[in-house]
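Below: one structure, written as structure tokens.
The values are calculated or read from the model by the stated rules, or taken from the named source; none is laboratory data. Everything quoted here is computed from the prediction, not taken from an experiment. Quick reminder, even Gly has a Cβ in these numbers, built from the backbone with ideal geometry, and neighbours come from all protein chains shown.
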Amino acid sequence: MSAQTSKITKHDGHSDTAGQLSTPGTCAISKLSTEILLIIFSLNGHADACYIDRDIGVDEILHPIVPMAALTTTRYSSQVCQQWRAILLDSPAIWATGLDLQCFDQQNDEWREEVLKRTGNRVLTIIGDLYENMPSVKFFLKLVSTEWSRIRRMFVCDRGGVSGFETEVWNALQQASPALEWLHLDVSFENIDLDLDLETPFFANNAPRLRGIQFDRIFMRPDQTWFQNLQHISDLDIAWFTIAELLLALGHMPQLETLDLCGAAFHEDDNAEVNFSTVVLPRLNRLKANCDLIIFTPVLRRLRTATNCSLHLSPIWDIPVGEDSQIEDLGKALSTFFQQWTTEEIFSLSYVQVGASFSIHSPKWDVNTCVEINGSYEILDWPGLPGLILDALAEKSFSTVILTIFLHFPPPAKSILSFLEKFPKLESITCDLKTLDSLNNLMDSHDPERSILLPSMVQIYLLLGKQEDPNPLSNFLSLRQRLDVPIKYLVLCCGPSFTGNLQVFTALARTFNLEIVLDSEKGGFMNTYIDLSFLAWLEDHQL
């Protein structure tokens, strides 16, 4: 046994020695090869598993508590038996992927230094939250100042207003970063005079492996060579760019897949008339803007993305909405953007109060978002934005057969009617009674001489919650019957809060000659008159 394997280590009040460790037993896991054990240890040892490929900010992620942290798992694994300890102490890459700052808040440096030693010269993954006066802050600054060149992934958030460390972090950001792949920092840099560093290239213009970046309140020169490999950008503050500079920077990012912009306004005098160039981002599949949409319009009009790129909007509502001509320009920009869509199916349309969101999804049950607006009701009403989106989409036609639709805040009647006219093949809708009430109002305002709205629809999958008034359903069925496009099938899905009288709904089904099914929450069908042809229809449509 090597000297390293037999070394005594003490940390967190624990100690372990090779002499105290058992030899492998006869259980199944003890018979695994070293190669398989290494794979298991490696998978368990990635501290950043909760950060990678998540569509939320680094400040919103809650990583596992210390007893469940990746580094804790690696440490405990190294104490199971002599074989496992030998494998892990001879695997610096596993220790290097597990640097979770919350695991380094001991009062002395022994464990911190021991883990750093065990990483050898391998590239590092660092995650965690920083709090004022915690020992891990000092350790983090040591890593930043002495190990920057081998940091591969960093996901760090300043939670407690830690003072006096921005300068060291800022200085590190100016250094060459040959190993850096992901950098997500939630640090304010409030004590840094950023205006003095506007022309200083980040990472000394040397970060060839960088794929994802998230930190705001920074300016990035639009011609840096490391842009070419970027795939993901989050929280990019437009206030540090003119429109021309932002478009120029994006033009150097051909690999970009997701882009998240924020900020109230572009830098300086972007009101001047400029002939901006079109930017082609062939791999961009998600565009998010948390900003004033009027000033975002020139960017939206000039981006050529991957087909079916999703659009996520969080407008800033407490600023002037602009002149009618500006709103018209936004509508044109949305039309230009949606021209890049090739999808012929829409999975759901939602405009609800809960969470105050407007969303359109496509095309499968795994819910890939196409369009989403989030915020308060004031945001959703700014300035008829759902109507602008629906008007832009109304230029397309959809082959959707099954649609989930929730309209608690109906957009302008003209917009939603024009949109729904693009679903000639729609056979089934999933909705609630509030949506049916909205649809009744829309149908009342629709001219049947122009067209029959949703002419192929024959089935309603109705979601019931608490005690609900069946009148919207009765009115909807009556309207469809008068238009000679009657509903034939009704599926009732009763939520756990439903306390109403189902007999009222079954009576309606008899009145309008419907075939009815009760669908439990678990998806089982539990009622008497279930027509076999109807079940076959449901199976064909995967309901």
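Of all residues assigned to the range 218-237, none qualifies as being surrounded by 15 or more Cβ atoms within 10 Å (Cβ to Cβ), more than 29 Å from the chain's Cα centre (by Cα) and modelled with pLDDT of 75 or more.
Entry remark, the range 101-136: residues being polar (S, T, N, Q) and not in a loop (DSSP other than H, G, I, E, B) number 3 in total.
Among the residues making up the range 465-507, those that are part of a loop (DSSP other than H, G, I, E, B) and in contact with a Phe, Trp or Tyr (Cβ under 9 Å, 6 or more places away or on another chain) are 465, 466, 467, 468, 470, 486, 487, 488. The residue of the range 201-217 that is modelled with the lowest pLDDT, among those that are under 16 Å from residue 153 (Cα atoms) and part of a loop (DSSP other than H, G, I, E, B), is 215.
Within the range 84-132, restricting attention to residues that are out of contact with any strand residue (DSSP E or B) (no Cβ under 9 Å at 6 or more places or on another chain) and basic (Lys, Arg), the residue that is surrounded by the most Cβ atoms within 10 Å (Cβ to Cβ) is 118.
Of all the residues in the range 479-512, those that are of a type in the set (Val, Ile, Thr), surrounded by fewer than 16 Cβ atoms within 10 Å (Cβ to Cβ) and within 36 Å of the chain's Cα centre (by Cα) number 1.
When you check residue 404 against the structure, is it surrounded by 16 or more Cβ atoms within 10 Å (Cβ to Cβ), within 31 Å of the chain's Cα centre (by Cα) and either assigned to a strand (DSSP E or B) or charged (D, E, K, R) (or both), yes or no? Considered against the rule, which asks whether it is surrounded by 16 or more Cβ atoms within 10 Å (Cβ to Cβ), within 31 Å of the chain's Cα centre (by Cα) and either assigned to a strand (DSSP E or B) or charged (D, E, K, R) (or both), residue 404 comes out as yes.
Kindly list the number of the only condition in (1) free of Cβ contacts under 8 Å to residues at least 60 places away in the same chain; (2) farther than 17 Å from residue 179 by Cα that fails for residue 151. The number of the failed condition is (2). Taking residue 476 as the residue in question, decide whether it is under 17 Å from residue 441 (Cα atoms), aromatic (Phe, Trp, Tyr), touching a residue at least 12 places away in the same chain (Cβ under 8 Å) and crowded, with 16+ Cβ neighbours inside 10 Å. Criteria met by residue 476.
The C-beta contact set for the range 374-402 (first residue closer than 15 Å to residue 424 by Cβ, second residue at pLDDT below 55 and assigned to a loop (DSSP other than H, G, I, E, B), distance under 6 angstrom, 6+ apart or interchain) comprises 402/541. When we screen 420, 388 for residues that are under 19 Å from residue 333 (Cα atoms) and buried (at least 17 other Cβ atoms within 10 Å of the Cβ), the only hit is 388.
The set of residues in the range 80-95 that are assigned to a helix (DSSP H, G or I) and either in contact (Cβ under 8 Å) with a residue 40 or more places away in the chain or in contact with an Asp or Glu (Cβ under 6 Å, 6 or more places away or on another chain) (or both) comprises 82, 83, 84, 85, 86, 87, 88, 89, 93, 94, 95. Restricting attention to the range 44-56 and to residues that are modelled with pLDDT under 65 and of a type outside the set (A, V, I, L, M, F, W, C), the residue that is surrounded by the fewest Cβ atoms within 10 Å (Cβ to Cβ) turns out to be 53.
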